[in-house]
């Protein structure tokens, strides 16, 4: 059933490939906020965009499941980091007169 050029995943390795992104996203969410506080939100978003690009290429051209799992974990770091950094960046850039301004006044 496997074809040449395929990853030939069994159910266990398929689960590893799938869960590696989620594990990376958890770590990215934990450490993404600290990174953005240290180097700035805009720079963090730029670095994460580059990480998205590189890891997407790595996932696309992965020759086997091990490489795919590695790049999916790194892609998860970018997903988690962006999920924390972008909302904070957008709230900082939005004008106070917008509809979300009341939320920033509460903090």
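Laboratory data are not the source of any read-out in this text; all were calculated from the coordinates shown. Bear in mind the structure is a predicted one, so any value in this text is a computation, not a measurement. For neighbour counting, all protein chains shown are included, and Cβ atoms are generated from backbone atoms with ideal geometry for every residue, glycine included.
Arranged from fewest to most other beta-carbon atoms within 10 Å of their beta carbon, 41, 72 become 41, 72. Between the helical axis of 41-60 and the dominant principal axis of the chain, each derived from Cα atoms, what acute angle in degrees is found, rounded to the nearest 10? The answer is roughly 10 degrees. Enter the angle in degrees (range 0 to 90, nearest 10) between the Cα long axis of helix 65-93 and the first principal axis of the Cα atoms of the chain, meaning the one along which they spread out most. Once rounded, one gets 10 degrees. For the stretch 20-94, the Stokes-Einstein estimate of translational diffusion at 4 °C and a viscosity of 1.567 mPa s comes to 105 µm²/s, using the Kirkwood hydrodynamic radius over alpha-carbon pairs.
By the beta-carbon count within 10 Å of each Cβ, the least crowded to most crowded order of 46, 93, fewest first, is 93, 46. Counting only alpha carbon atoms, the long axis of helix 11-39 and the longest principal axis of the chain meet at about 30°. Our note on the geometry: Cα centres of the stretch 1-35 and the stretch 38-65, 15 Å apart. By the count of other C-beta atoms within 10 Å, a proxy for reagent exposure, 79, 67 are ordered fewest to most as 67, 79.
Taken along the Cα-to-beta-carbon direction at a fixed 7 Å, the label points for residue 50 and residue 27 span 2.0 nm. Normalising the average separation of contacting C-alpha pairs (under 8 angstrom, six or more residues apart) by the number of residues puts the relative contact order of the stretch 20-94 at 55 percent.
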